[in-house]
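Take a look at the structure set out below.
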Amino acid sequence: MSETVSFGYEDVAPDEKTRRVGSVFSNVAASYDIMNDAMSGGMHRLWKDRFVRRVKPRPGEAVLDMAGGTGDIAFRMAARRPEVTVADINQDMLDVGIERAMERGITGLSWSCQNAEELSYPGGVFDAYTIAFGIRNVTDIPRALREARRVLKFGGRFFCLEFSTVEWPGFKDVYDAYSEHLVPRLGEMIAKDEASYRYLVESIRRFPPMPQFEGMIREAGFAQTKVEPIMGGLVAIHSGWKI
Ligand code: SAM
């Protein structure tokens with residue numbers, strides 16, 4: 001791994017990125033869900049619905065929802081009755097998720113504090129691995145992708161939902177202006193935390209474009225990789241198989 005990694009527009013030591021990402025999500029945990037609706041005009045719900053339709057979890061399958069945060073992906077999967085483990089490095093995010101699950105009467109999920117780069121699970125135990133809006137926050141992404149492959153069974157599926165690079169010219173300008181100026185202001189107004197939302201925008205800008213990220217997934221050993229851009233690449237679903 002290189003000596004520095006990106007934390008938003010800054011280049012910092014790997015340990016520092018892990019620590020600062022930890023503070024971002026501890027700071028935003030309580031207002032995370034309301035901010036997602038405010039920032040995306042509710043569209044994150046549709047992207048997540050579409051993502052779970054792609055994953056097609058089946059009853060009894062073991063699914064690891066990595067960087068699962070406050071549970072949005074796991075809650076959507078729960079209706080299809082797989083065995084879902086929600087794992088995240090940040091206990092504050094998981095605690096909000098556990099409370100939300102209780103409020104909604106969603107039972108049967110396992111919650112676990114885990115670093116995606118170094119999972120405590122043995123190899124070959126999951127049928128599917130999902131990660132939504134999580135991978136760009138991970139310090140050593142290639143290592144996390146190798147871990148994803150390790151814990152999957154042969155025939156297991158990898159799915160990643162992440163912001164990407166808008167490729168529609170007119171829309172790109174509007175989106176850039178919106179994310180650069182309005183998102184940090186929304187963060188200040190709703191979450192009283194402009195800096196964390198500035199980091200979120202900057203981390204999206206620095207995330208590798210779709211072909212490069214697909215190459216990283218292949219590099220980790222996944223086969224039959226695919227990318228499905230949504231809204232001109234504003235977000236994308238990447239997938240691959242362990243075979
Ligand atoms: N998946 C949820 C969703 O779609 O709403 C939460 C996404 S949230 C933007 C990103 C999550 O990634 C945070 O909960 C954060 O704690 C988690 N995260 C960051 N680095 C991680 C790591 N190394 N291992 C596991 N989770 C990590």
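Since every read-out is calculated from the coordinates, none of them should be taken as a lab result. These numbers were taken from a predicted model, which means no experiment stands behind them. Virtual Cβ from ideal backbone geometry, glycine too; neighbours counted across all protein chains shown.
Data overview
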{"quantity": "Gain in span if fully extended, Ser120 to Ile243, counting 0.36 nm per residue against the direct Cα distance", "calculated": "42.1 nm"}
{"quantity": "Label point 7 Å beyond Cα of Glu10 along Cβ direction - residues of region 100-140 with amide nitrogen under 20 Å", "calculated": "136-140"}
{"quantity": "Phi-based couplings in Hz for region 198-206 (Karplus 6.51, -1.76, 1.60; Gly and Pro marked x)", "calculated": "5, 4, 4, 5, 5, 5, 5, 4, 8"}
{"quantity": "Taking the chain and dividing mean pair separation by its residue count, relative contact order in percent (alpha carbons under 8 Å, at least six apart)", "calculated": "20 percent"}
{"quantity": "Calculated from backbone phi, Karplus (6.51, -1.76, 1.60) coupling profile of region 50-56 in Hz, x at Gly/Pro", "calculated": "5, 4, 5, 5, 5, 5, 6"}
{"quantity": "Set of aspartates and glutamates with alpha-carbon distance to Lys48 below 16 Å, sequence-local pairs under 8 removed", "calculated": "Asp33, Asp37, Asp65, Asp72, Glu162, Glu228"}
{"quantity": "Over region 101-243 - Rg/Rh using Cα atoms and the Kirkwood inverse-distance radius", "calculated": "1.02"}
{"quantity": "Volume of the Cα convex hull of region 75-129, divided per residue and given in Å³", "calculated": "82 Å³"}
{"quantity": "Derived scalar couplings ³J(HN,Hα) [region 3-16; Karplus, 6.51 cos²θ - 1.76 cosθ + 1.60; whole Hz; x for Gly, Pro]", "calculated": "6, 10, 9, 7, 10, x, 7, 8, 10, 9, 5, x, 4, 5"}
{"quantity": "Estimated distance in nm for a label pair at Arg45 and Ser23, the labels positioned 7 Å out from Cα along Cα-to-Cβ", "calculated": "3.4 nm"}
{"quantity": "Expected 222 nm ellipticity per residue - DSSP helices of 4 or more, -39500 (n - 2.57), all of the chain, to 500", "calculated": "-13500 deg cm²/dmol"}
{"quantity": "Convex hull volume of region 5-241 per residue (C-alpha atoms, cubic angstrom)", "calculated": "111 Å³"}
